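Chemist: One structure follows; several queries about it will come next.
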Amino acid sequence: RVMGEMPTCTGKTQQLAAIVRDCRRGSGSRVWIVAHRRELVERIEETLSRHGMGKEDGRVRVMSSQWLSRNRKHMDEEPDLIVIDEAHHALAETYRILWENYPEARKLGMTATPCRLNGKGFTDLFDSLTTSWTFAEFIGKGWLSSFDYVSIRANSRELRLIDSLKKRGADGDYPEREMDGGRNRE
């Protein structure tokens, strides 16, 4: 049970695909990849497809945690490996069922943020944490370009516009159409 940490935009999904490919090589291993959003499921499926692991394979399944919690009882196989994308969400009840119902399956959690603001740890879920290079190391080795970042000033027009958005999705993000509508409010 390993949690792997890599900074945002450094290739977690590519790494996940390589691990799944290696796990499947020469064996009949069944792999479940679980993510918390439909967009992540689709992105993972696209990446796996580019690595020769399409949906029709049957040994690799990508699903949302919500779908799995609703359909778990109808699953006719058990996984050998469970990969959790955005593993900082693994403390949620929809993920806890993976540990309770599939105790023999190996677990790999991938995340850019192996900590939680509420201070709860992951040591009851994962035995070890592996870390990758830092942003600075990725930049220094030529894998990422240098970047500048900006933030919004307190009490700015932009912040007031963001604060005026009312709707949020189940994941806490603002839906794109709500944000696009904000451009027309000025």
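Chemist: In percent, how large is the relative contact order of the chain, given Cα pairs closer than 8 Å and 6 or more residues apart?
Modeler: Result for the chain is 29 percent.
Chemist: Order the peptides 9-22, 110-123, 153-166 from the highest to the lowest mean number of other Cβ atoms within 10 Å of their residues. Walk me through the numbers on the way to the answer.
Modeler: On the way: 9-22: 16.9, 110-123: 13.3, 153-166: 10.2.
Packing order, densest peptide first, comes out as 9-22, 110-123, 153-166.
Chemist: Next question. In whole percent, what relative contact order does region 79-126 give with Cα contacts below 8 Å and a gap of six or more residues?
Modeler: It rounds to 48 percent for region 79-126.
Chemist: Pick from A35, A136, A87 the residue whose mean-square fluctuation is largest in a GNM of the chain, springs joining Cα atoms under 10 Å.
Modeler: A136
Chemist: Sticking with this one: Over the Cα atoms, compute the radius of gyration (one decimal) and Dmax (the largest Cα-Cα distance, rounded to a whole number) for the chain, in Å.
Modeler: Values for the chain (Cα only, Rg and Dmax): 18.8, 59 Å.
Chemist: Find the accessible area per residue for the chain; the probe is 1.4 Å, ligands and nucleic acids are left out, and the unit is Å².
Modeler: That works out to 64 Å² per residue.
Chemist: Using the Cα centre of region 88-138 as the reference point, and only Cβ charges (+1 on K/R, -1 on D/E), how large is the resulting charge dipole? Debye, rounded to the nearest 20. Don't skip to the answer; put the middle values down first.
Modeler: Details: 5 positive and 6 negative charges, 21 e Å.
Roughly 100 debye, rounded to the nearest 20.
Chemist: Under a plain spin-label model, where a point goes 7 Å from the Cα along Cα-to-Cβ, how far apart in nm are S132 and R50?
Modeler: It is 1.3 nm.
Chemist: Pop a pseudo-label 7 angstrom from the Cα along the beta-carbon direction at both E104 and D163 and give the gap in nm to one decimal.
Modeler: Using points 7 Å along Cα→Cβ, the separation is 5.6 nm.
Chemist: Calculate, for Q14 and Q66, the FRET efficiency according to 1/(1 + (r/R0)^6) with r their C-beta to C-beta distance and R0 25 Å; round to the nearest 0.05.
Modeler: So, using R0 = 25 Å, E works out to roughly 0.50.
Chemist: Given labels modelled 7 Å from the Cα in the Cβ direction, how far is it in nm from D22 to Y149?
Modeler: For D22 paired with Y149, the spin-label model returns 2.9 nm.
The values are calculated or read from the model by the stated rules, or taken from the named source; none is laboratory data. Computed from a predicted structure; not experimentally measured. Here the Cβ is made from the backbone with ideal geometry for all residues, glycine too, and neighbour counts use every protein chain on show. For the accessible areas, the whole protein counts, side chains as well, though only heavy atoms, and no ligand, DNA or RNA atoms are used. Shrake-Rupley method; radii C 1.70, N 1.55, O 1.52, S 1.80 Å.
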